[in-house]
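Before any comments, here is the structure.
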Amino acid sequence: MSVQSSVRRLTAPQITARKGGEPIVSLTAYHAHTAAIADPFVDFLLVGDSLGMVMHGMENTLGVPLELMIMHGRAVVRGSQRALIVVDMPFGTYEESPSEAFKNSARVMKETGCGAIKLEGGTRMAETIDYLTQRGIPVMAHIGLTPQSVNVLGGFKTQGRTKDAWAAIEADAKAVAKAGAFAIVLEAMAEPLAQRITKQISIPTIGIGASAACDGQILVMEDMLGLTGQVPKFVKEFGQVGTEIQAAIKAYAQEVSTRKFPAAEHTYAMKDD
Ligand code: KIV
């Protein structure tokens, strides 16, 4: 018999079953502490490769190694109990062949304990999505603005701004849904296009800058907390955590400079002991 937590995590099929129902709530998470804070309020947490930019100061996501995703994935799984944890496959670890994608995705699932992976691409990734799902790996797809293709797209630009670009993006959505993806991220997409896609496919669409026409939304947690400073126009900041951190650090520095730093009493007791 195995020792299991009493809290059951949401699964990929449970996310799929939410199509057209109550909106799906999700955020990115990169570490145990913020995962624990967000866990009661979200349906899934994405360990996005955006961590390369947000946590590690990279210019884009192309340089993120698989090992870094695994390390952050483990932390987020440890910090959470209820949310489905989805880990992004970084650039260069899944595109070459379905078998390469399986080898690396299986490693991510085994070493992190996550419940699903995400990869970028539409029609061109359909064969791989089918291959992975047939072999036990739930896949979240990601189309529209796919940051790993920033050099091909010519920048971080909204997709489907003119109607003549819609057919290809709709075909991408249909291809990944048919291949077995359990949900699909639509990033930076015009509202009418997101609405058409959401109506045409049977899996939930999760928008990031793709409007309320989607079945749910994901935001980068640090962006919506007001921690990153510069955020895309569509992001609503629900807090000003960066300003609060700065004020706390300034107050701390002032106390230390006046020698106000107490010793532990008898033991290293915590405040609520
Ligand atoms: O890497 C990431 O954080 C993402 C989300 C923005 C969807 O892919």
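Rule-based calculations on the coordinates, nothing more; no lab input. Remember, it's a predicted structure, so these values are computed and weren't measured experimentally. For neighbour counting, all protein chains shown are included, and Cβ atoms are generated from backbone atoms with ideal geometry for every residue, glycine included.
Distance from the alpha carbon centroid of the stretch 151-199 to that of the stretch 9-61 works out to 20 angstrom. Ranked by how many other Cβ atoms sit within 10 Å of their own Cβ, fewest first, the residues Glu120, Glu265 fall in the order Glu265, Glu120. According to the Cα-based calculation, Rg over Rh for the stretch 12-240 is 0.92, with Rh computed by the Kirkwood formula.
Checking the Cα-Cα distances for Lys103/Lys178; Lys199/Lys233; Lys250/Lys271; Lys118/Lys174; Lys157/Lys233 against a 19 Å cut-off, the pairs over it are Lys103/Lys178; Lys199/Lys233; Lys250/Lys271.
If the segment from Gln14 to Lys236 were pulled out straight at 0.36 nm per residue, it would be longer than the present Cα-Cα gap by 77.2 nm.
Looking at the stretch 176-245, which GluC sites (Glu not before Pro) are DSSP coil and have at most 12 other C-beta atoms within 10 Å of their C-beta?
Details: sites: Glu187, Glu222, Glu237, Glu244; in loops: Glu237.
For GluC sites (Glu not before Pro) across the stretch 176-245 that sit outside H, G, I, E and B with at most 12 neighbouring Cβ atoms in 10 Å, the list is empty.
By the beta-carbon count within 10 Å of each Cβ, the least crowded to most crowded order of Leu132, Leu66, Leu145, fewest first, is Leu66, Leu145, Leu132.
About the centre of its Cα atoms, the chain shows a dipole size close to 400 debye [charges on the beta carbon of Lys, Arg (+1) and Asp, Glu (-1) only; nearest 20 debye].
At a Förster radius of 25 Å, what calculated FRET efficiency corresponds to the Cβ-Cβ distance of Phe41 and Arg161, to the nearest 0.05? Intermediate values should be presented prior to the final figure.
Numbers: r = 33 Å, r/R0 = 1.31.
That pair, Phe41 with Arg161, gives E of 0.15.
The Leu62 and Ala251 beta-carbon pair, evaluated with R₀ = 45 Å, returns a calculated FRET efficiency of approximately 0.70. Among the chymotrypsin sites (Phe, Trp or Tyr not before Pro) within the stretch 198-273, those in coil by DSSP and having at most 16 neighbouring Cβ atoms inside 10 Å are Phe234, Phe238, Tyr268.
Within the stretch 149-200, which chymotrypsin sites (Phe, Trp or Tyr not before Pro) sit in a loop by DSSP and count at most 16 neighbouring Cβ atoms inside 10 Å?
Details: sites: Phe156, Trp166, Phe182; in loops: Phe156, Phe182.
Of the chymotrypsin sites (Phe, Trp or Tyr not before Pro), the ones in loops of the stretch 149-200 whose Cβ has at most 16 other Cβ atoms within 10 Å are Phe156.
For Asp272 and Glu96, the FRET efficiency from 1/(1 + (r/R0)^6), where r spans their Cβ atoms and R0 equals 35 Å, is about 0.10.
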